[in-house]
């Protein structure tokens, strides 16, 4: 039976996710075991439809989605009792039993209801009352580690109920135990890589992160290039739902395992490298590379980003998520060069400008021919670097407004003569 699904993602990555899902839908193993159709993206994610196994394929292969939700019901509402009635009318027993624990989460956009917490309780009551009526027992509630997650989304007029097929969010690939300062979530990093043109099969294209931190961009870039399924080393909520199509799931997993075995040989050609000023960060990056099951050793070097040199003879893609403000001053150890009496904000501004100017000089002198991409919450980066970006893409890191800037490096070029270039 065809089901409707929704794959949410970080804001700004909806089009990238839709493109990724269309690629996944063309994988031979997916066409054979779990065909699905991708629909037009909407703010916050991408809807798609297919047999239940389609959710297995997207959970296994999507690098950008946050989770995969099965749409159970949708209806208009005027108050909380309407939402309770909608939840109670569903046949939840076809998906799980009263022995499973339950959690309900709710999101809203322009909903007229005053309390989302109370509305979530009404959804939970509707589910539990429906289960008790059908089977004589109700599930318990576990808000920390539930067996089953139900999501309700409210617009101004409609309520949609979803059953989660994912469990832990999809950015939790299972390899990152070592986390640096303010790490990027893996699915946001993967979306940025796609926007930077980094796609499957680029095993011979140079990639460099000069501020690699705990190595998120490095690991994601390697796995993308090698075509490794991001969900191959973890479990999913759908594995415990009733009606699980185990044959389709095993076929998808077997195909992912064959790709991993093939990657062992292809990994020798990878041209992926990272550097950082911190030895602690480099140790984290190396541990994460190994835990991700990537072939060989991570190519890492301790060096201040202001003094990096190209790690490969051929120009390629440079991608970084630099620290800024106080974090730059601490990691670059340059506070001593600033006036001691300078106010904190002025000192941070001076540190950021000093770092950006020195780093931009390094780019112009040593990285001609490279595409340099900078993902940052500091929207003034082009001004600080005195470089003209060729592209700027609005994105969000959680609730933080960010930009992905692209600089096309030409020796001695890209200099900006006043102003900040185009505005969003």
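The values are calculated or read from the model by the stated rules, or taken from the named source; none is laboratory data. All figures in this text were calculated on a predicted structure; none of them were measured in a lab. A quick note on method: Cβ atoms are made from the backbone with ideal geometry, for glycine too, and the neighbour counts reach across all protein chains shown.
Whenever a residue of the stretch 293-321 is on the phi > 0 side of the Ramachandran plot, its partners that are surrounded by fewer than 16 Cβ atoms within 10 Å (Cβ to Cβ) and not in a helix (DSSP H, G or I), lying with C-beta atoms within less than 9 angstrom and at least six residues away or across chains, give the pairs 293/233. In the stretch 309-353, the residue that is modelled with the lowest pLDDT out of those that are outside any helix (DSSP H, G or I) and under 15 Å from residue 378 (Cβ atoms) is 325. Of all the numbered requirements in (1) modelled with pLDDT of 95 or more; (2) farther than 30 Å from residue 32 by Cβ, residue 72 misses one, and that requirement is (2).
Just one of the numbered conditions (1) more than 28 Å from residue 364 (Cβ to Cβ); (2) without any contact (Cβ under 8 Å) to a residue 40 or more places away in the chain is not true of residue 237: (2).
Residues are listed down the side, and each one gets a yes or a no for (1) more than 22 Å from the chain's Cα centre (by Cα); (2) part of a loop (DSSP other than H, G, I, E, B); (3) surrounded by 14 or more Cβ atoms within 10 Å (Cβ to Cβ):
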{"residue": "254", "(1), (2), (3)": "yes, no, no"}
{"residue": "257", "(1), (2), (3)": "yes, no, no"}
{"residue": "284", "(1), (2), (3)": "no, no, yes"}
{"residue": "297", "(1), (2), (3)": "yes, yes, no"}
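Residues checked against (1) out of contact with any helix residue (DSSP H, G or I) (no Cβ under 9 Å at 6 or more places or on another chain); (2) more than 24 Å from residue 158 (Cβ to Cβ); (3) in contact (Cβ under 8 Å) with a residue 12 or more places away in the chain:
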residue	(1), (2), (3)
5	no, no, yes
18	yes, no, yes
62	no, yes, yes
73	no, no, yes
84	no, no, yes
87	no, no, yes
105	no, no, yes
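Each residue in the stretch 29-43 was checked for being closer than 12 Å to residue 17 by Cα and either outside the structural domain of residue 7 (by TED's automatic domain parsing) or assigned to a loop (DSSP other than H, G, I, E, B) (or both), and 4 of them qualify. When you scan the stretch 174-210, how many residues do you find that are buried (at least 24 other Cβ atoms within 10 Å of the Cβ) and in a loop (DSSP other than H, G, I, E, B)? Residues in the stretch 174-210 being buried (at least 24 other Cβ atoms within 10 Å of the Cβ) and in a loop (DSSP other than H, G, I, E, B): 1 in total.
The number of residues in the stretch 215-248 that are touching a strand residue (DSSP E or B) at 6+ places or on another chain (Cβ under 9 Å) and assigned to a loop (DSSP other than H, G, I, E, B) comes to 2. The sole residue among 28, 10, 43, 47 that is modelled with pLDDT under 95 and either crowded, with 22+ Cβ neighbours inside 10 Å or more than 20 Å from residue 244 (Cα to Cα) (or both) is 43.
Residue count for the stretch 53-109 under the criterion of being part of a helix (DSSP H, G or I), buried (at least 17 other Cβ atoms within 10 Å of the Cβ) and more than 29 Å from the chain's Cα centre (by Cα): the result is 7. With the condition kept exactly as written, say whether any residue in the stretch 150-165 is touching a helix residue (DSSP H, G or I) at 6+ places or on another chain (Cβ under 6 Å) and surrounded by fewer than 19 Cβ atoms within 10 Å (Cβ to Cβ). There is no residue in the stretch 150-165 that is touching a helix residue (DSSP H, G or I) at 6+ places or on another chain (Cβ under 6 Å) and surrounded by fewer than 19 Cβ atoms within 10 Å (Cβ to Cβ). Annotation: residue 128 fulfils all but one of (1) out of contact with any helix residue (DSSP H, G or I) (no Cβ under 7 Å at 6 or more places or on another chain); (2) surrounded by fewer than 20 Cβ atoms within 10 Å (Cβ to Cβ); (3) farther than 27 Å from residue 12 by Cβ; the unmet one is (2). For the stretch 353-375, a residue qualifies if it is within 25 Å of the chain's Cα centre (by Cα) and crowded, with 20+ Cβ neighbours inside 10 Å, and the qualifying residues are 370, 372, 373, 374, 375.
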